[in-house]
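Below is one structure; the comments refer to it alone.
What follows is calculated from the coordinates using simple rules that are stated; it is not laboratory data. This is a predicted model, so every value here is computed, not measured. Because the Cβ atoms are built from the backbone with ideal geometry, glycine has one as well, and the counts that use them run over all protein chains shown.
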Amino acid sequence: MKRKSVLKNKFIPVNVPKIFRQEKVFVKECLETAWISSEGKYVGRFEQSFSKYNKRIYGIAVSSGTAALEIAIKSLNLSKGDEVIIPTFSIISTALCVVKLGLKPVLVDSNLENWNMDKDQVLKKITKKTKAIIITHIYGFPVDMKDILNISKKKNIKVIEDAAEMIGQTYYGKKCGSFGDISTFSFYANKHITTGEGGMILTNDKKIYLKCRSLRNLCFGIGNSRFNHDDIGWNYRMTNLQAAVGCGQLKNIKWIVKRKREIGRRYISILGRCNKISIQQNNFKYAKNIFWVFGILLKKNSGISRDSVVKKLIKRKVQTRLFFLPMHKQKIFKKIGLFSKKTKYKNSEYLSANGFYLPSGLGITNKQIDFVGKTLLKILKN
Ligand SMILES: Cc1ncc(COP(=O)(O)O)c(C=O)c1O
């Protein structure tokens with residue numbers, strides 16, 4: 001009800017998810033049969049169909065993308081002090097999963113074309129202590145992974161591919177989320193597929209699969225030893241209700257991917273020629289942008305600050321979201337002295353200070369896209 005009145009009011013939220021008919025049918029069945037917690041057929045069904053879609057063998061549904069990362073990295077059995085390479089420009093979950101296990105995050109700057117971790121820098125930062133790399137695809141365009149994957153294989157470095165923002169995207173024609181030892185996903189309401197809150201881990205390795213399943217469910221013992229736990233796990237289970245929503249969403253994935261690209265193209269048709277902004281790399285030999293969100297990066301010569309653009313947009317009832325704050329700028333990590341102050345990550349800092357994204361959820365209408373795009377153009381022209 002609230003959402004309808006929000007739209008009527010002309011306020012354009014940064015994200016409105018799309019719920020299809022099928023989700024309601026599946027959820028109704030869960031409610032009517034009282035299979036509402038993590039037992040129930042939809043969890044297994046969602047795991048199977050999602051892993052099949054991504055061409056992986058095993059799927060482990062969990063309560064969030066953050067939970068997926070925590071379980072994924074713990075399943076690798078790394079030792080305290082081992083180095084894990086991560087992008088500095090990402091959601092804080094990327095660093096938290098490393099820090100919480102006593103591992104050492106090693107940061108990599110972004111490149112300004114695709115806003116992802118720079119692959120040459122990743123290669124440069126590999127040392128004897130590097131035991132894992134988290135490849136995080138940002139906003140809609142994949143990291144150039146080929147060299148990272150090859151070198152990791154040679155050096156026995158584990159790779160987690162965080163495809164939270166990339167459901168349905170491909171890299172050289174192969175699904176993002178099917179690379180590396182483990183891949184992780186989020187199903188928060190702004191993701192291509194949502195379960196409200198939720199996440200998934202995918203792998204082809206049976207040992208990793210079994211470990212992740214156990215970690216998700218408090219590492220319960222088997223049979224009469226059920227309450228004798230053999231490791232420090234979590235309750236990061238997904239409910240049957242959430243999985244039912246996921247199953248319904250997945251049935252519409254083709255339309256979702258198509259619509260996401262349409263939203264991107266429509267924004268480009270309005271904003272593409274404006275010389276005060278750049279947008280994320282769109283069409284390159286290994287991928288076409290899937291526009292999880294439509295990001296805007298103000299150029300140095302734009303003559304207007306990001307914060308004032310965002311303020312003007314909200315005055316016209318257009319909600320936006322600022323780009324990530326890099327890890328090395330995070331209050332908590334500064335407080336604990338996690339990263340050296342000497343190393344600079346210029347591109348990530350530029351992205352963070354000058355970037356924001358426009359309403360890009362699947363619930364947005366073409367009329368709203370046109371309004372947002374034209375409003376932004378006017379603001380930039382003045
Ligand atoms: C790349 C990436 N990884 C992980 C997450 C965390 O997912 P969640 O919000 O489901 O915990 C997000 C959230 O937006 C994300 O963008």
Legend entry - Positions within the range 112-137 being buried (at least 20 other Cβ atoms within 10 Å of the Cβ) and touching a residue at least 60 places away in the same chain (Cβ under 8 Å), in sequence order: N114, W115, D118, I134
Inset, instruction - Considering every residue within the range 280-290, establish whether at least one is under 29 Å from I19 (Cα atoms) and hydroxyl-bearing (S, T, Y). - result: no
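Checking the condition assigned to a loop (DSSP other than H, G, I, E, B) and either surrounded by 13 or more Cβ atoms within 10 Å (Cβ to Cβ) or within 19 Å of the chain's Cα centre (by Cα) (or both), which residue from I19, I86 passes? It would help to see each step written out before you state the result.
Details: I86 fails: assigned to a loop (DSSP other than H, G, I, E, B).
Just a single option satisfies the conditions, and that option is I19.
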Legend entry - Filtered residues of the range 140-179 (kept if within 12 Å of the ligand (Cβ to nearest atom) and more than 25 Å from W255 (Cβ to Cβ)): V143, I160
Legend entry - Selected residue [among the basic types (K, R), within 16 Å of the ligand (Cβ to nearest atom) and surrounded by fewer than 22 Cβ atoms within 10 Å (Cβ to Cβ)] from K74, K80: K74
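Quick one: is L76 more than 19 Å from M166 (Cβ to Cβ) and part of a loop (DSSP other than H, G, I, E, B)? Please lay out each step first, then the result.
Working: more than 19 Å from M166 (Cβ to Cβ): yes; part of a loop (DSSP other than H, G, I, E, B): yes.
Yes, satisfied.
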Legend entry - Considering residues of the range 180-195 that are near the ligand (Cβ under 10 Å from one of its atoms) and outside any loop (DSSP other than H, G, I, E, B) only, the residue surrounded by the fewest Cβ atoms within 10 Å (Cβ to Cβ): Y188
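Is it true that G102 is within 14 Å of the ligand (Cβ to nearest atom), in a loop (DSSP other than H, G, I, E, B) and under 25 Å from S75 (Cα atoms)?
Values: within 14 Å of the ligand (Cβ to nearest atom): no; in a loop (DSSP other than H, G, I, E, B): yes; under 25 Å from S75 (Cα atoms): yes.
In short, no.
Of all residues in the range 196-206, count the ones that are on the phi < 0 side of the Ramachandran plot and either among the aliphatic types (A, V, I, L, M) or more than 7 Å from the ligand (Cβ to nearest atom) (or both). Give the steps one after another, and end with the answer.
Initial filter on the range 196-206 (on the phi < 0 side of the Ramachandran plot): 197, 199-206.
Now drop any that are not either among the aliphatic types (A, V, I, L, M) or more than 7 Å from the ligand (Cβ to nearest atom) (or both), which leaves 200-206.
Residues flagged as on the phi < 0 side of the Ramachandran plot and either among the aliphatic types (A, V, I, L, M) or more than 7 Å from the ligand (Cβ to nearest atom) (or both) within the range 196-206 amount to 7.
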